[in-house]
Amino acid sequence: MGLFQPDTDIFQERDVLREDYQPEEIVGRDEELQQYISALQPVINGDQPANIFLYGKAGVGKTACTRYLLRELKDDAAEYDVDLTTIRTNCEDLSTSYQVAIQLINDLRDPEDHLKPTGYPRRQVNEWLWEELDAIGGAVIIVFDEVDHIDDDSILYQIPRARANGNLEESKVGIIGISNDFKFRESLSSKVQSSLCEKELQFPAYNANELRDILRQRADIAFFDDVVPHEVIAKCAAFGAKDAGDARQSLDLLMEAGDVAVEQDATQVTVDHVDQARESLERSRIVDGVAGLTQQGHLVLYALLMLHEEGDTPIRARDVQDRYEIICGRAAVDPLVPRRMRDHLGELSMLGIASRTERNRGESGGRYYEYALDTNPDLLLEALDETVDMVGVTDAVQQRLDQDL
Ligand SMILES: Nc1ncnc2c1ncn2[C@@H]1O[C@H](COP(=O)(O)OP(=O)(O)OP(=O)(O)O)[C@@H](O)[C@H]1O
């Protein structure tokens, strides 16, 4: 027998649980889909597509619903003889309107005519863009995923107004901007707000019932019959709902639970596998998060961990500073000034390793933040082992290490 053999008992089609799988049907988003359909309606009437701004937290179905509806729209457009082209651009690596324009032009041109990333006058690039877009003709919808990565937003009003400004004659172009950054809308210039946000759609986080439906739909295809009992789906959904209402997180958990079941040669996925999967995902999240921090980040995190073990959290940044400076002394590293140390606390909270809560000072007004650990301390101690060796331990940390043995 060879070293590798296909698994047969658990997964029927594991890839169905991956991020890039597009479900045939969308579940649990009826109201949002209805609003989205109304916003896209002008296309089927042969009118200029509306500009749509779609926002909501990560994993709430913005991309899945957009792909689903655009696919349906294309089918229906074909039936009613409406000429429709859709273009999708992920703006993750594009920070300026110039780069976005070049990317669009290259998406529309043959490879031999592609532009280099830099070196052309801005006006010329715009002219090429209008030429390429106008050559398409009919209705054109451009989806800008992660639109908040574009710092200079001029393209977000130039495209919607291109027809009114006489730059386009044949094509009627609309854009769909997708973002999970809630502050992005406020940061847009008023020109962009009024063009891009012609129709605004907000996708809320999923609740446990909705996540259950999404997971069940996917599990039925990904696993063999009777491999995933109801309580496993319910548990993955409950974790997801409690955390961020993020479907991706719940799907990842279900996939990992399936992997644990395969590893253990089980014939069914169990609630126990879900618990083990959760711990393993949490461990990778922490290991990756900690590995991505600088040495100063490690020292700040260790200070917060010590204070947590002593029962002193939530705590203000200035009170973390004292402990942090002692730790720096032990590590023979120059401490950062309080403002810079606070930036590291902010980074920890962005990574979900710590939590940051805003507090009011009461009558006197003013606000401040308190920080607390938001991660399993045992896993953090494992991930911080080099820092722990270098700095040493306090009694409270030693107690935890003894408990873990
Ligand atoms: N309503 C739904 N029905 C079926 N599958 C869904 C639904 N919502 C989300 N999913 C699935 O959950 C995963 C994450 O969804 P999606 O990528 O659409 O989220 P998003 O809101 O675009 O997140 P991000 O902002 O991080 O890109 C995908 O695998 C997607 O297919």
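Nothing in this text is a laboratory measurement; each read-out follows from the coordinates by a stated rule. Small disclaimer: the values here were computed from a predicted structure and weren't measured. Cβ placement follows ideal geometry from the backbone for every residue including glycine, while neighbour counts extend to all protein chains displayed.
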* Any idea which of 365, 380, 296 is furthest toward the positive side of the dipole for region 292-404, if Lys and Arg beta-carbons carry +1 and Asp and Glu beta-carbons -1? -> 365
* Asked: Using the 10 angstrom Cβ neighbour count as an exposure proxy, how do 105, 178, 326 rank, fewest first?
  -> 326, 105, 178
* To do: Per DSSP H run of n ≥ 4, the term is -39500 (n - 2.57); total these for the chain, divide by its residue number, and report the mean residue ellipticity at 222 nm rounded to 500 deg cm²/dmol.
  => -16500 deg cm²/dmol
* Over what distance in Å are the Cα centres of region 326-363 and region 127-162 separated? -> 41
* For 199, 74, 172, what's the fewest-to-most ordering of other Cβ within 10 Å of each Cβ? -> 74, 199, 172
* To do: Report relative contact order for region 206-289 in percent, whole number only (criteria: Cα-Cα under 8 Å, sequence separation at least 6).
  => 31
* Given the pairs 199/242; 62/242; 62/235, which are separated by over 22 angstrom at their Cα positions? -> 199/242; 62/235
* Asked: What is the fewest-to-most order of 73, 108 by other Cβ atoms lying within 10 Å of their Cβ?
  -> 108, 73
* Asked: Which FRET efficiency value, to the nearest 0.05, is calculated for residue 83 and residue 318 with the Förster distance at 51 angstrom and r the Cβ-Cβ distance?
  -> 0.25
* So what J values fall out for region 79-94 if you push phi through Karplus, 6.51 cos²θ - 1.76 cosθ + 1.60 with θ = phi - 60°, rounded to Hz, Gly and Pro as x? -> 5, 9, 6, 9, 7, 9, 10, 10, 10, 10, 10, 8, 8, 3, 9, 10
* Structure fact -> For the pair residue 310 and residue 13, the simple spin-label estimate (label points 7 Å beyond Cα toward Cβ) gives in nm 5.7
* Structure fact -> At R0 = 22 Å the Cβ-Cβ FRET efficiency linking residue 378 and residue 294, nearest 0.05, sits at 0.40
* Cα gyration tensor shape of the chain, rounded if a/c is under 1.5, else prolate or oblate by comparing a/b with b/c -> oblate
* Structure fact -> Any residue on another chain or 5+ positions along whose placed amide H is under 5 Å from the amide H of residue 172 is listed here as 138, 139, 140
* Asked: If you line up the long axis of helix 97-108 against the longest principal axis of the chain, both from Cα atoms, how many degrees apart are they, to the nearest 10?
  -> 60
* Backbone HN-Hα couplings from phi across region 214-230 [Karplus 6.51/-1.76/1.60, Hz, Gly and Pro as x] -> 5, 5, 4, 4, 6, 5, 4, 8, 6, 10, 6, 4, 6, 7, 10, x, 4
* Could you give the nm distance between label points at residue 112 and residue 267, where each point is 7 Å from its Cα heading toward the beta carbon? -> 6.2
* **Mean separation of Cα contacts under 8 Å (6+ apart) over length of the chain, as relative contact order %** => 17
* To do: Just the number, please: percent antiparallel of the DSSP beta bridges in the chain, rounded to the nearest 5.
  => 30
* To do: Under 13 Å from the Cβ of residue 278, count the other residues' Cβ atoms, weight Lys and Arg +1, Asp and Glu -1, and hand me the total.
  => -4
* Structure fact -> Two pseudo-spin positions, 7 Å from Cα along C-beta at residue 74 and at residue 92, lie apart in nanometres by 2.1
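Quick one: compute a quarter of the convex hull surface over the Cα atoms of region 96-195 and quote it in nm².
With the hull built on Cα positions only, its mean projection is 6.4 nm².
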* May I ask you to evaluate 6.51 cos²θ - 1.76 cosθ + 1.60, the Karplus curve with θ = phi - 60°, for each residue of region 169-185 and list the ³J(HN,Hα) values in order in whole Hz, giving x for glycine and proline? => 10, 8, 9, 10, 9, x, 10, 10, x, 10, 8, 10, 9, 5, 7, 4, 4
* Asked: What is the set of long-range amide H partners of residue 167 at a cut-off below 5 Å, with H atoms built 1.01 Å from backbone N?
  -> none
* Structure fact -> Residue span residue 398 to residue 285: 0.36 nm per residue of separation minus Cα-Cα distance leaves a gain in nm of 38.3 nm
* To do: Would you mind checking which residues have amide H under 5 Å from residue 223's amide H? H placed 1.01 Å from N; only 5 or more apart, or other chain.
  => 12, 13
